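One structure is given below, encoded as structure tokens.
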Protein chains: 2
Amino acid sequence: MLHGKLLRSTSAHGILRRVDASAAERLPGVAAVLTGSDLLDAPIASHYGPVLPDRPLVAIDRVRYAGEPVAAVVAVDAETAEEAVRLIEVEIDGLPVLETVEQATADDAPDIHDTIPERDALTFPDIVLHAGAGKNVCNHFRLRHGDVEAGFAEADEIFDEVFRTPAQQHCNLEPHATIVEIQDGHATVWTSAASPYTVRFQVAETLRLPQSRVRVIVTNVGGAYGAKTYPRLEPLVAAMSWKAGGRPVRVELTRREEFFTITRHAATIHLKTGVRHDGTIVARLARILWSAGAYADVSPRTIKNGGYSAGGPYRIPNVAIDSYAVYTNVTPAGGFRGYAIPQVAWAYESQMDMIAERLGIDPLELRLRNLLVEGDEFATGQVLEDFHLRELVERVAERIGWDGGLARREGSAARGKGLACILKTTVTPSISTATLRLDDDGSLTLLTSTTEIGQGSRTVLAQIAADAAGVPLEAVEVPYPDTDLTPWDQTTSSSRSTLMMGGAIELAGEALRQQLVELAAELLEAPTEVLTAADGHVWPEERRDRGLTYGDVLKRSGRRQLSAEAQNASPGGLDPESGQGIVTPHFFHAAAGAEVEVDLETGKIKVLDLHVETYAGRVVNPVLAALQAEGNVTFGIGQALFEEIELDAGQIVNASLADYTIPSLEDMPEQWTVAFGEDPSGDGRIHGLGETGAPAVPAAIGNALHAATGVRVTSLPLTPEKVLLALDELERGSTPLPEGRDARAASIGTSP
Amino acid sequence: MLHGKLLRSTSAHGILRRVDASAAERLPGVAAVLTGSDLLDAPIASHYGPVLPDRPLVAIDRVRYAGEPVAAVVAVDAETAEEAVRLIEVEIDGLPVLETVEQATADDAPDIHDTIPERDALTFPDIVLHAGAGKNVCNHFRLRHGDVEAGFAEADEIFDEVFRTPAQQHCNLEPHATIVEIQDGHATVWTSAASPYTVRFQVAETLRLPQSRVRVIVTNVGGAYGAKTYPRLEPLVAAMSWKAGGRPVRVELTRREEFFTITRHAATIHLKTGVRHDGTIVARLARILWSAGAYADVSPRTIKNGGYSAGGPYRIPNVAIDSYAVYTNVTPAGGFRGYAIPQVAWAYESQMDMIAERLGIDPLELRLRNLLVEGDEFATGQVLEDFHLRELVERVAERIGWDGGLARREGSAARGKGLACILKTTVTPSISTATLRLDDDGSLTLLTSTTEIGQGSRTVLAQIAADAAGVPLEAVEVPYPDTDLTPWDQTTSSSRSTLMMGGAIELAGEALRQQLVELAAELLEAPTEVLTAADGHVWPEERRDRGLTYGDVLKRSGRRQLSAEAQNASPGGLDPESGQGIVTPHFFHAAAGAEVEVDLETGKIKVLDLHVETYAGRVVNPVLAALQAEGNVTFGIGQALFEEIELDAGQIVNASLADYTIPSLEDMPEQWTVAFGEDPSGDGRIHGLGETGAPAVPAAIGNALHAATGVRVTSLPLTPEKVLLALDELERGSTPLPEGRDARAASIGTSP
């Protein structure tokens, strides 16, 4: 096995004049150096991309962000590869660096891409593409519901604000690491990836192989959060193996390199909302600019979700949304726990409290008046089912002792409480396939391509399989995903696995039990209708003593193994003009309540108490569900208080865990709890929990900050500096520190 | 990974008084030493065995053959393990060595086993066990068909001879090699095995794990021939890994150790045959003693096949057969290309020529008069279908220029021609399962647990899959077997894979095409009846231009992958008292003709010409089929002329490829050809070819030897020494060298 290291651009934008790898190639121990010139007229594809193939494997004639791979060295060990990387000479002619969406969409900005490639709509049915919507706009999502102009005409008050959220990094504990070997026209990929079939598609496309000739093997993944949902390293390592004659090549990124690999989109969210005096929302207009970074990655998908969700979980008859992915000279952005909802929820839930304040309505009351309920239409026209957000919000308010938004002072400390609630969809159309194999000793194997990314899927899916097939949990074996052998699954992401793969397993279990019943019917000479298959036995009505074990049913029927495979598919799709259609099998939903204490001298926010309620439908494993929800709280706190990729002329200045802070145990609230709404019937439909709670947390904290201090910070994170600045501004406005929701809000944020 | 080496007994039979591994355990680099004392009250099973668990993992209180493992060392490398093996002290009190079945069945022989364990008949439906049938008899198979006493009463002549065949070694090029790792209650086994699920069963039983907790992975196997059909090394390596705390342990046997691992049964075959003057066979009585070696291994299965086949491919109304597996103090015996037919065919086809000679009937004519034809009953009562042996025999006679069995002399060289023909069954009941997965780019994956043991199964099964699913061959991918992932298959042996797995693939292909047609019917708005799925497309009647590719059918239907799994089962079973019942889905059959030249001064036989005709039903791949048939010729020549494990007081004296000779290219005939019978309709049922030709070869050569010289050697191999001895005896009997079939036969063989 050989080892690879990457030479990355130190320039954020420029014309690549020369890459001279000759000295590197001469270094003893170096097997190959891949540069852009290798990709011209190569038998492999030069570009890749999970949605649009706009990204070269290594830079060819241009670099588009600081940290972009320019050359890749393959050597006998990582140290030699690293040394060879330093021997490569690169010449780049600088171009203007477009760090922000504002810079990139300016009329005089250079085009970051000359052309934007297209994708086959049959293969990518969930992409709604509008090219050419503006300078450096990679993609545009558009939604029109009702008549937004008429809506604003009806409004008594109009709220018009801009909210901002920064780029973040996923900081998955295990970095991206991939091995690719190519032999006899077959590629084998061992990788730390969340979605093996997505990797297979991309590597097959890169190497121009049929999909069945690419084998992707994934064992336990040390954290993903969206960073590993789509192939970000695998196509390049495949190309490196190709350059090295197919020999196995291993690349493991450093922590620093993770910051050059994938981020959460920075977003500028302009929300205009029309309301009546009684708080009824009648119109919303949203214009969102997402900083996609230098390449499209999954931006067309992310900004679609962030787009249609900008109305929030509210009954708004008239909605117009335009959501734009904008190319910028920064690390590409993709999905990150919450998939664009953390950005738009920050905006719409901050604005809800601003509306409540101006109208003099309790923020809880304003939400309850406008919340969607079952039978209502979402902004996409889809009718809501199994939707219980009202109850969640009420339980959160009760749990945190909602006080209407009062400020409480004690010396230089100000305390206040805030609420927020959100809804979230999951990728649609959505397909999962599961196979169950029952052996003649009653042991069961579940074949699934769902990956274990720390979310506990191996345990939860084994539980579902045990219940579905009627065997004890300890009888269930779950081999790791391997695309040569485990059946197709769309992706392990989007909080979909328990719902979609769980559903596939339930269908397979039903089919397996049906086969067992049919075999047993012959053995027991009983009609199938009177037979029950459960607890590892098949028995006739009320005669459990006459039952046969599953193993004996097989053996007596001359079988050694029974299999059942099932596909669980959830259809959907949006009209590209109106954004109307089916977006999700269920609307996931959650509410959060926070109490904070703000140090008025330092601006530091301490979260005293936090509670998150998530609707689960049915909780499969209470311990793992709680861990998922607690993870959401942690991610919400990080987004709210610290996390931000800091840039200077396109260069990331905090690309390490020393400088980029994520929550430690010390940052967690003094008290925090999570809870789940469940269908009391016990057979509720499963709702995804993996991300649902996170997006509600930052706005709950921001609203609590406002309740405590009267300041309204519209850009995340809520750093002490921003809080102090806002407190200063409030003071300079000669307004006394507010007591409760009557106080006037001071709004700050990076100037537009 | 650790490496293991075995200490093997130098005593062929004895009480194990002491095993002292303390010095070995102290050697730096040694991780563990497994001895019999570890197996007392262990959490793992102490004994194993593919049919009867009569074999300790390492000797516990007794050694039963020279070469039996007594201790197993696990160390950091093979050299250290080897060194530690030499430090183990062993004390054994010798017992009488029972080298032959005659010795072992003598009344005063010691019992090699005190008890014979039993097996669950549900799990082992194909085993017909009769314990306690005599001294050291491990197992007895009994067949009664018609009334054999009445048959002999009708006979005009009775032939009563004893034939013998020696033990042989498979000499698979790749020795047995296995790695086992045990982690978190799961065992993973990488092994050179022919039947992954058989290994899984045995390792699960050894480690007392559910079957689904054992994963067996097999890539290309470097030759098997029956030596790797059942686990012979894996349970021990599993126990070694257990003793080493679950760490991965690798053991690779040396060539010498292969001779201590598995052999072909030496057999003593007593055939008594009653015939009328016109050559009609009216009765056969067979009593066969098989030297099972020290442990049962698969003897109960092998001797059943050799038992019911002792009537040969002839219409014999009255048959009585008793077939005994006899424990002896030699290396255990198992299946070996032909599965007991090479032994019994040697006997019955030699005797056919002896009958022809005494009755003055042309051996060809005698065979044609008695050969079974379609509609006849086999000795087990099963009615023959698709049986064409008469045509094969006639074609062989024509091809070799059959001359009635004339001798031709030229100086000291005598030439003659001989014929032989056989039938063979395949294991029944028999189950194979195959899964086909079609991806949305039209590529197809075949999941099968059939192993590639050099027979070409990966190619042949891919061809069948391509035809069955209607895709080009290059679209088919065949991952290697992995019991966690590829579906259950009984075994890669018994010439069954193309027939049984091929059949499963055809059923799966049909189901896959049906799914494609159903999806396309909706897309094309056409009834399923008018749609054809082939050549990677689905099209409506006569409108191929309106067709859709398989990939587009999937994508347009919102699918990414279609799967179909099918099981192909062939039932069967024999009545334990009468041996009557169903033994095979088809009766495989072959005929051979040979011309030899015997050097009357040296006794050396040179095969001048050889032709083998095998009925194939349908040849899937002509090149691979011919290679299989040529392999059969080679194995037949080795059995006929040289191969024999030589023993001295239970010690193998030729346990190397320097001393144990297998055919080289120089030993092959000057001219040799193979041909196949096929169903002229082109859609014949597939017959197994992997072993069918081999058993006919030795008797064809032995009969040619007789034709050339007049000597009848009844024991294999036909060494120059035996031929010279027989020539001497013939001469001493003052009978002139024979011209053709009128000459008197001299019969020799090891004295009973």
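The values are calculated or read from the model by the stated rules, or taken from the named source; none is laboratory data. These numbers were taken from a predicted model, which means no experiment stands behind them. Please note: Cβ atoms are built from the backbone with ideal geometry, for glycine as well, and neighbour counts cover all protein chains shown. Quick note on the areas: whole protein, heavy atoms, side chains included, nothing else; ligands and nucleic acids left out. Shrake-Rupley method; radii C 1.70, N 1.55, O 1.52, S 1.80 Å.
What residue, among those in the range B:316-369 that are among the β-branched types (Val, Ile, Thr) and assigned to a loop (DSSP other than H, G, I, E, B), is nearest to B:Asn305 (Cα to Cα)?
B:Ile316
Restricted to the range A:409-427, and to residues that are in contact (Cβ under 8 Å) with a residue 40 or more places away in the chain and open to solvent by 10 Å² or more (accessible area, probe 1.4 Å), which residue is nearest to the other protein chains (Cβ to nearest Cβ)?
A:Val427
Would you say B:Val97 is over 30 Å from B:Ala244 (Cα atoms) and open to solvent by 20 Å² or more (accessible area, probe 1.4 Å)?
Considered against the rule, which asks whether it is over 30 Å from B:Ala244 (Cα atoms) and open to solvent by 20 Å² or more (accessible area, probe 1.4 Å), B:Val97 comes out as yes.
Among the residues of the range A:344-368, how many are over 15 Å from A:Gly404 (Cα atoms) and out of contact with any helix residue (DSSP H, G or I) (no Cβ under 7 Å at 6 or more places or on another chain)?
3
Would you tally the residues in the range B:616-657 being open to solvent by less than 40 Å² (accessible area, probe 1.4 Å) and in a strand (DSSP E or B)?
Result for the range B:616-657: 3.
Could you please find all residues in the range B:553-574 being open to solvent by 20 Å² or more (accessible area, probe 1.4 Å), within 9 Å of chain A (Cβ to nearest Cβ) and of a type outside the set (Ser, Thr, Tyr)?
Within the range B:553-574, B:Lys555, B:Arg556, B:Gly558, B:Arg559, B:Arg560, B:Glu565, B:Gln567, B:Ala569, B:Pro571 qualify.
Within the range A:536-552, which residues are surrounded by 14 or more Cβ atoms within 10 Å (Cβ to Cβ) and either part of a strand (DSSP E or B) or at pLDDT below 95 (or both)?
Of everything in the range A:536-552, those that are surrounded by 14 or more Cβ atoms within 10 Å (Cβ to Cβ) and either part of a strand (DSSP E or B) or at pLDDT below 95 (or both) turn out to be A:His537, A:Val538, A:Trp539, A:Pro540, A:Gly547, A:Leu548, A:Thr549.
Only residues that are part of a strand (DSSP E or B), more than 30 Å from A:Gly274 (Cα to Cα) and open to solvent by less than 30 Å² (accessible area, probe 1.4 Å): list them for the range A:161-187, please.
If the condition is that a residue be part of a strand (DSSP E or B), more than 30 Å from A:Gly274 (Cα to Cα) and open to solvent by less than 30 Å² (accessible area, probe 1.4 Å), then A:Gln168, A:Ala177, A:Thr178, A:Val180, A:Ala187 are the ones that fit.
So, in the range B:582-594, of the ones that are more than 14 Å from chain A (Cβ to nearest Cβ) and assigned to a strand (DSSP E or B), which residue ends up farthest from A:Pro487 (Cα to Cα)?
Among residues in the range B:582-594 that are more than 14 Å from chain A (Cβ to nearest Cβ) and assigned to a strand (DSSP E or B), the one farthest from A:Pro487 (Cα to Cα) is B:Ala594.
If you take the residues of the range A:520-536 that are in contact with a strand residue (DSSP E or B) (Cβ under 8 Å, 6 or more places away or on another chain) and not β-branched (Val, Ile, Thr), which of them is nearest to A:Ile686 (Cα to Cα)?
Filtering first and then ranking leaves A:Gly536.
Would you tally the residues in the range B:45-87 being β-branched (Val, Ile, Thr), under 16 Å from B:Glu234 (Cβ atoms) and out of contact with any Pro (no Cβ under 9 Å at 6 or more places or on another chain)?
1
A:Gly312: open to solvent by less than 10 Å² (accessible area, probe 1.4 Å), part of a loop (DSSP other than H, G, I, E, B) and at pLDDT 95 or above, yes or no?
It is true that A:Gly312 is open to solvent by less than 10 Å² (accessible area, probe 1.4 Å), part of a loop (DSSP other than H, G, I, E, B) and at pLDDT 95 or above.
When you go through (1) assigned to a loop (DSSP other than H, G, I, E, B); (2) closer than 25 Å to B:Ile645 by Cβ one by one for B:Gly682, which number turns out not to apply?
All conditions pass for B:Gly682, except number (2).
Please enumerate the residues belonging to the range B:127-147 that are modelled with pLDDT under 95 and not in a strand (DSSP E or B).
B:Ile127, B:Val128, B:Leu129, B:His130, B:Ala131, B:Gly132, B:Ala133, B:Gly134, B:Lys135
A:Pro479: farther than 18 Å from A:Tyr550 by Cβ, out of contact with any strand residue (DSSP E or B) (no Cβ under 6 Å at 6 or more places or on another chain) and within 12 Å of another protein chain (Cβ to nearest Cβ), yes or no?
yes
Only one of (1) more than 14 Å from every other protein chain (Cβ to nearest Cβ); (2) open to solvent by 20 Å² or more (accessible area, probe 1.4 Å) fails for B:Gly151. Which number is that?
Status for B:Gly151: all satisfied but (2).
Return the residues of the range A:527-552 that are within 14 Å of chain B (Cβ to nearest Cβ), without any contact (Cβ under 8 Å) to a residue 60 or more places away in the chain and in contact with a helix residue (DSSP H, G or I) (Cβ under 7 Å, 6 or more places away or on another chain); say none if nothing qualifies.
Once the filter is applied, which keeps residues that are within 14 Å of chain B (Cβ to nearest Cβ), without any contact (Cβ under 8 Å) to a residue 60 or more places away in the chain and in contact with a helix residue (DSSP H, G or I) (Cβ under 7 Å, 6 or more places away or on another chain), the range A:527-552 yields only A:Leu548.
Being over 26 Å from B:Ser557 (Cβ atoms) and open to solvent by 10 Å² or more (accessible area, probe 1.4 Å) is the filter; apply it to the range B:435-455 and report the residue that is nearest to the other protein chains (Cβ to nearest Cβ).
B:Glu452
Residues of the range A:274-287 being buried (at least 24 other Cβ atoms within 10 Å of the Cβ), under 21 Å from A:Tyr324 (Cβ atoms) and touching a helix residue (DSSP H, G or I) at 6+ places or on another chain (Cβ under 6 Å), which ones?
A:Ala283
When you scan the range A:593-615, do you find a residue that is more than 29 Å from A:Gly404 (Cβ to Cβ) and either out of contact with any Phe, Trp or Tyr (no Cβ under 6 Å at 6 or more places or on another chain) or surrounded by 18 or more Cβ atoms within 10 Å (Cβ to Cβ) (or both), even just one?
No, every residue in the range A:593-615 fails to be more than 29 Å from A:Gly404 (Cβ to Cβ) and either out of contact with any Phe, Trp or Tyr (no Cβ under 6 Å at 6 or more places or on another chain) or surrounded by 18 or more Cβ atoms within 10 Å (Cβ to Cβ) (or both).
Quick one: how many residues across the range B:207-249 are within 14 Å of chain A (Cβ to nearest Cβ) and in a helix (DSSP H, G or I)?
4
Does the range A:725-732 include one or more residues that are more than 30 Å from A:Val619 (Cβ to Cβ), at pLDDT 95 or above and open to solvent by less than 10 Å² (accessible area, probe 1.4 Å)?
Taking every residue of the range A:725-732 in turn, at least one turns out to be more than 30 Å from A:Val619 (Cβ to Cβ), at pLDDT 95 or above and open to solvent by less than 10 Å² (accessible area, probe 1.4 Å).
Just checking: which of the strands (runs of 3 or more DSSP E) contained wholly in the range A:370-461 hold 3 or more residues that are closer than 30 Å to A:Val723 by Cα?
Filter on the range A:370-461 gives A:407-410, A:413-424.
Only one of these is surrounded by fewer than 24 Cβ atoms within 10 Å (Cβ to Cβ), part of a strand (DSSP E or B) and of a type in the set (A, V, I, L, M): B:Ala31, B:Ala42, B:Ala71, B:Ala23. Name it.
Going through B:Ala31, B:Ala42, B:Ala71, B:Ala23 in turn, the sole match is B:Ala31.
Scan the range A:92-120 and report the pairs whose first residue is under 15 Å from A:Val330 (Cα atoms) and whose second residue is modelled with pLDDT under 95 and open to solvent by 70 Å² or more (accessible area, probe 1.4 Å), with Cβ atoms within less than 8 Å and a gap of 6+ or a chain change.
Going by the 8 Å Cβ cut-off, the qualifying pairs are A:Glu102/A:Pro752.
Has the range A:457-475 got any residue that is more than 16 Å from the chain's Cα centre (by Cα), of a type in the set (A, V, I, L, M), facing chain B (nearest Cβ under 8 Å) and under 30 Å from A:Gly677 (Cα atoms)?
no
Going by what's in this entry, would B:Arg232 be described as among the basic types (Lys, Arg), under 19 Å from the mean Cα position of the chain (by Cα) and either open to solvent by 10 Å² or more (accessible area, probe 1.4 Å) or farther than 29 Å from B:Asn305 by Cα (or both)?
Against the criterion (among the basic types (Lys, Arg), under 19 Å from the mean Cα position of the chain (by Cα) and either open to solvent by 10 Å² or more (accessible area, probe 1.4 Å) or farther than 29 Å from B:Asn305 by Cα (or both)), B:Arg232 qualifies.
Condition (residue is hydroxyl-bearing (Ser, Thr, Tyr) and at positive phi) applied to the range B:453-476: is it met by at least one residue?
no
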